[in-house]
């Protein structure tokens with residue numbers, strides 16, 4: 001459970017901002033959005049596979065770029 005204590009004289013907006021940042025760090029907001037609608041298991045697997053492929057492409061692209069850049 002996330003607890004955010006409001007400091008004396010601190011605006012509520014800042015406390016809410018800290019709360020949202022902590023929730024985002026824990027992955028609570030992402031989980032809430034994911035659980036909003038039912039997603040079939042086959043769709044979950046497909047999306048997981050697509051994310052992994054995109055991540056692999058990104059890493060490969062970064063490594064290729066690093067290989068072409070001269071080291072100083």
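Worth pointing out:
- Filter result for residue 25 (in a helix (DSSP H, G or I), in contact with a helix residue (DSSP H, G or I) (Cβ under 9 Å, 6 or more places away or on another chain) and under 30 Å from residue 5 (Cβ atoms)): no
Each row is one residue, and each column tells you yes or no for (1) in a loop (DSSP other than H, G, I, E, B); (2) exposed (fewer than 10 other Cβ atoms within 10 Å of the Cβ).
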site	(1), (2)
31	no, no
44	no, no
51	no, no
56	no, no
61	no, no
66	no, yes
72	yes, yes
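- Flag if residue 39 is surrounded by 10 or more Cβ atoms within 10 Å (Cβ to Cβ) and modelled with pLDDT of 95 or more: no
The values are calculated or read from the model by the stated rules, or taken from the named source; none is laboratory data. A quick note: this is a predicted structure, and the numbers were derived from the prediction, not measured. Counting neighbours? That spans all protein chains shown, and the Cβs are built from the backbone with ideal geometry, glycine included.
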